[in-house]
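Heads up: the structure comes next, in structure tokens.
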Amino acid sequence: MQEIYFIRHGSVDNPDGINYARRPGFPLNGRGIHEAKQSAEFLAGRGIQIIYHSPLERCVQTADIIAASINAPLIESPEINEWDENESIRDVASRMATFWLIIHAGAQEKAAVVSHRDAIRALLIKLSGKSLSEIYNPECFPLEPGGIWLAKPGSDKTELQRVFTPELEAQ
């Protein structure tokens with residue numbers, strides 16, 4: 001059975017609290033590196049054959065940390081990029097659904113996808129058959145930095161399961 005792990009990138013440096021969306025920069029901070037390492041530990045031994053990632057620095061860093069741990073090749077995929085200010089949520093869901101069709105039809109039985117909260121949530125909402133208006137409901141497919149959801153495509157529907165949430169570092 002095909003298994004696709006959707007991972008939100010780790011926490012980023014954003015001292016001014018701006019909406020960084022697709023702006024360049026915004027690398028992982030120390031906490032984000034810790035979250036990515038925890039995600040990598042969770043994914044170790046699960047047989048992941050390939051890692052897709054958004055082109056933004058925070059996803060590249062998260063994917064690199066995971067790839068180093070599980071020894072899987074990386075593929076940059078612009079379809080799983082952050083929500084752009086010129087896009088509607090339907091646009092985001094549509095490009096994520098296109099990516100889903102490509103990855104689902106691929107030869108890899110187990111894959112990881114490092115992307116962004118809203119992009120992942122838009123796809124999970126679409127796969128679940130819920131309304132895209134649920135994107136604004138924080139209880140609908142919650143996804144913390146470094147968190148992971150597992151999608152198992154079936155003949156009738158796709159099983160979705162929240163499988164990992166990083167623990168905060170002890171202060």
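Among the residues of the range 60-117 satisfying the criterion of being part of a loop (DSSP other than H, G, I, E, B), over 27 Å from residue 154 (Cβ atoms) and of a type outside the set (A, V, I, L, M, F, W, C), which is most open to solvent (accessible area, probe 1.4 Å)? Filtering the range 60-117 for residues that are part of a loop (DSSP other than H, G, I, E, B), over 27 Å from residue 154 (Cβ atoms) and of a type outside the set (A, V, I, L, M, F, W, C), the one most open to solvent (accessible area, probe 1.4 Å) comes out as 85. Among the conditions (1) open to solvent by less than 50 Å² (accessible area, probe 1.4 Å); (2) within 20 Å of residue 44 (Cα to Cα), the only one that residue 161 does not satisfy is (1).
Counting only residues that are under 17 Å from the mean Cα position of the chain (by Cα) and either modelled with pLDDT under 95 or among the hydrophobic types (A, V, I, L, M, F, W, C) (or both), the range 119-138 holds 9 of them.
The single condition among (1) buried (at least 16 other Cβ atoms within 10 Å of the Cβ); (2) modelled with pLDDT of 95 or more; (3) assigned to a loop (DSSP other than H, G, I, E, B); (4) out of contact with any Leu (no Cβ under 9 Å at 6 or more places or on another chain) that residue 32 does not meet is (3).
Within the range 9-24, restricting attention to residues that are over 21 Å from residue 142 (Cβ atoms) and open to solvent by 70 Å² or more (accessible area, probe 1.4 Å), the residue that is modelled with the highest pLDDT is 22.
Only one of the numbered conditions (1) open to solvent by 30 Å² or more (accessible area, probe 1.4 Å); (2) touching a residue at least 12 places away in the same chain (Cβ under 8 Å); (3) of a type outside the set (Gly, Ala, Ser); (4) not in a strand (DSSP E or B) is violated by residue 139, and that is (2). Return yes when residue 6 is assigned to a strand (DSSP E or B) and open to solvent by less than 40 Å² (accessible area, probe 1.4 Å) and no when it is not. So residue 6 fits the description; yes.
The values are calculated or read from the model by the stated rules, or taken from the named source; none is laboratory data. Quick caveat: nothing in here was measured; it's all calculated off a predicted structure. In this analysis, Cβ positions are derived from the backbone assuming ideal geometry, glycine residues included, and neighbour counts consider all displayed protein chains. Quick note on the areas: whole protein, heavy atoms, side chains included, nothing else; ligands and nucleic acids left out. Shrake-Rupley method; radii C 1.70, N 1.55, O 1.52, S 1.80 Å.
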